[in-house]
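Since the structure comes first, as structure tokens, the remarks are kept for the end.
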Amino acid sequence: MYAHIQGLVAEKTADALVIDAGGVGYWLSVSAGTLAAAPAVGSPMKCYTVLSVREDAMELFGFATREEKAMFERLKSVSGVGARMALSILSALSVRELSIALVTGDSAALTRAPGIGK
């Protein structure tokens, strides 16, 4: 539904950004990598987004790069991996690290993400 949101960083928390776009503050749940890539409060930023709609909630997820967004969507397509788990994995491993771990079958790297067992 939303491809991206561009505006000013209004707020940064431990796991989210608020982007003010056109007078509306969009709360985006983000990975540690996106949070680290975010500029200072008051600076402009473009976040690629995914809207997750569940029976009990609607959540907007934000990503600094298209590659991270694509990996998030791939992770969500795995049985048993929801949006929060996918975000947790992307917070523990960069897109590059995760890609290498998947190609090489490095299960030890994957278990660095909370909630992922062998």
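Please express the shape of region 44-106 as an equivalent ellipsoid: the semi-axes are the square roots of 5 times the eigenvalues of the C-alpha gyration tensor, given largest first in whole angstrom. Please report the intermediate quantities before stating the final value.
Values: eigenvalues 85, 52, 13 Å².
Those come to 21, 16, 8 Å.
Modelled label positions at residue 118 and residue 102, each set 7 Å beyond Cα in the direction of Cβ, lie 2.3 nm from each other. Computed 3J(HN,Hα) for region 35-44, one whole-Hz value per residue from the Karplus formula 6.51 cos²θ - 1.76 cosθ + 1.60 where θ = phi - 60°, is 4, 5, 7, 5, x, 5, 4, x, 8, x, glycine and proline marked x. Pairs of Cα atoms nearer than 8 Å and 6+ residues apart set the relative contact order; for the chain it is 19 percent.
Take the Cα pairs of the chain, get the Kirkwood Rh, then feed it into Stokes-Einstein at 25 °C and 0.890 mPa s and tell me D in µm²/s. Don't skip to the answer; put the middle values down first.
Numbers: Rh = 14.7 Å.
Estimated via Stokes-Einstein, D reaches 167 µm²/s.
Largest GNM mean-square fluctuation across 17, 102, 28, computed for the chain with C-alpha springs under 10 Å, falls on 102. Protein heavy-atom surface of the chain, 1.4 angstrom probe: 56% of the accessible area is carbon and sulfur, with nucleic acids and ligands not counted.
For the cross-link pairs 69/118; 12/76; 12/69, the ones whose C-alpha atoms lie over 22 Å apart are 69/118; 12/76.
In square angstrom, what is the accessible area per residue of the chain with a 1.4 angstrom probe?
Details: 6650 Å² over 118 residues.
In whole numbers, the chain has 56 Å² accessible per residue.
Normalised by 2.2 N^0.38 Å, with N the number of residues, the alpha-carbon radius of gyration of region 35-80 equals 1.35.
The values are calculated or read from the model by the stated rules, or taken from the named source; none is laboratory data. Source: prediction; values computed, not measured. Virtual Cβ from ideal backbone geometry, glycine too; neighbours counted across all protein chains shown. Heads up: the accessible areas ignore ligands, DNA and RNA and are worked out on the full protein's heavy atoms, side chains in. Shrake-Rupley method; radii C 1.70, N 1.55, O 1.52, S 1.80 Å.
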